[in-house]
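Throughout, read-outs are computed from the coordinates displayed, never taken from laboratory work. This one's a predicted model, so the numbers in the text were calculated from it and none came from an experiment. When we count neighbours, we look across all protein chains shown, and the Cβ atoms used for this are built from the backbone with ideal geometry, even at glycine.
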Amino acid sequence: MKTLLSLLLAVWLAVPAVAGQNNLGSAGAQFLKIGVGSRYQGMAEASTAVANDVYSMYWNPAGLAGIEEWAIGFTNVNWLLDVNLNYVAVAKRFEDIGVFGASVTVLSTGEQEVTTVLQQNGTGENYSASSYAIGFSYSRQLTDQFAFGGTVKVIGEELGRVDSRGVGVDFGTMLHTGFRSLRFGMSIANVGPDLKFSGEALKIGFDDQSGSGANDPVDAELRTSPYSLPLTFRLGVAYDLEFGPKSILLLAGDFSHPNDDEQKASLGAQFGFMERFFLRGGYKINYDEETLAFGAGLSAPINDATRIEIDYAWQDFGRLESTQRFSVGFAF
């Protein structure tokens, strides 16, 4: 355990050298930063040491080891400016092997009118933008106290008639210290090569004589600059406080190092009664607009083998108003 804690501390100290303040706004695929799972949004994303369901594939793949049999989850995020993000995931435990999972994230916008410098009221054409990530995850409980997990995902973005494709990797660990319910989680998300846009819209006819020679234009293509994925390192801690046999207060905190922004933190709490009714709240630190978050959840049996889980979260975005998220899941 001392070795593991030393390793976590070493990574925590090393990440600022490669993540952050000299690269503000440099990463693309920003939809990968939009969290999923209303349970965790209601706690202001203090989730790295808490996640233990299909949404672990986003926050910390090691938490996937907490799934007992089958689990399915779906989240809809009513994002800013009429942007929608949908996430669906499924996971299955295989005895003595581990837990396997698959997830799909899709961000979409409505059609927008094409405008140019010369036609600022529109050209009569429309375009749309979308992004997606398809992930495959694996997690295993290596000891009673330590779990490890990873995700490989295909990432793509489309903007009008250009697109980009790439691959990213996430991995994480979960450590139960043995001191009551105290646990730590660590994850690194979106490790992978740079992405680059290409497509029909970049193809042009090129005339090296600028129209003054006899040569016809030749086929050419504009070259775009590559952009990095939003690499993020997270370290989380969680602890449960019992108030009688039926009430538990979960306290959690997260610290993160993005490669394209400043360091951030989140504090969250969840009060659960009878493991069925939940109230949540949290606060984000050093975010541009996001601050308070609230949420609620219900976990109810459908029959002897199946439970349904319904969660809602609201997040304050300051001058950008707020966002709402709904999640529905089944465990069986």
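Tabulated data
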{"read-out": "Check: the chain dipole with +1 on Lys, Arg Cβ and -1 on Asp, Glu Cβ, in debye", "value": "1220"}
{"read-out": "Residues in the stretch 263-290 that a label on W314 would reach, taking backbone N under 12 Å of a point 7 Å out along Cα→Cβ", "value": "none"}
{"read-out": "The stretch 85-216 - Rg over Rh from alpha carbon coordinates, Kirkwood radius", "value": "1.23"}
{"read-out": "Over the stretch 74-149, equivalent-ellipsoid semi-axes from the Cα gyration tensor in Å", "value": "43, 11, 10"}
{"read-out": "Sites A201 and V152, calculated FRET efficiency, Cβ-Cβ separation with R0 30 Å, nearest 0.05", "value": "0.50"}
{"read-out": "Net charge of neighbours whose Cβ lies under 14 Å from the Cβ of L235, counting Lys and Arg as +1 and Asp and Glu as -1", "value": "+1"}
{"read-out": "Nearest-0.05 FRET efficiency for D194 and S322, computed from C-beta distance (R0 30 Å)", "value": "0.35"}
{"read-out": "From phi via Karplus (6.51, -1.76, 1.60), per-residue ³J(HN,Hα) for the stretch 189-198 in Hz, x at Gly/Pro", "value": "10, 6, 7, x, x, 5, 9, 8, 7, 8"}
{"read-out": "Sorted largest first, extent of the chain alpha carbons per principal axis (Å)", "value": "87, 42, 39"}
{"read-out": "Proxy reagent accessibility, fewest Cβ within 10 Å first, across Y312, Y87", "value": "Y312, Y87"}
{"read-out": "Proxy reagent accessibility, fewest Cβ within 10 Å first, across L320, L107", "value": "L320, L107"}
{"read-out": "Spatial separation of Cα centroids for the stretch 221-278 and the stretch 141-156, in angstrom", "value": "16"}
{"read-out": "Listed peptides 168-176, 287-295, 116-124, 49-57 by packing density, highest first (mean Cβ within 10 Å)", "value": "49-57, 168-176, 287-295, 116-124"}
{"read-out": "Neighbourhood charge, 14 Å Cβ-Cβ cut-off, centred on F136 and excluding it, Lys, Arg +1 and Asp, Glu -1", "value": "+1"}
{"read-out": "Cβ-placed point charges (K, R +1; D, E -1), dipole of the stretch 255-301 about Cα centre in debye, nearest 20", "value": "400"}
{"read-out": "Net charge of Cβ neighbours under 13 Å - reference Y312; Lys, Arg +1; Asp, Glu -1", "value": "+1"}
{"read-out": "Residue order, fewest to most beta carbons within 10 Å, for K153, K264", "value": "K264, K153"}
{"read-out": "Which listed pairs, of K92/K153; K33/K153; K92/K284, have C-alpha distances above 24 Å, in listed order", "value": "K92/K284"}
{"read-out": "Set of aspartates and glutamates near K264 by C-alpha distance (under 13 Å), chain-local residues within fewer than 8 positions excluded", "value": "E45, D254, D288, E289, E290"}
{"read-out": "For the stretch 209-332, diffusion coefficient by Stokes-Einstein and Kirkwood Rh (Cα), 37 °C, 0.692 mPa s, µm²/s", "value": "175"}
{"read-out": "Fully extended contour minus Cα-Cα distance, from S128 to V106, at 0.36 nm per residue", "value": "6.6 nm"}
{"read-out": "Degrees separating the helix 2-14 axis from the principal Cα axis of the chain, which is the longest one", "value": "30"}
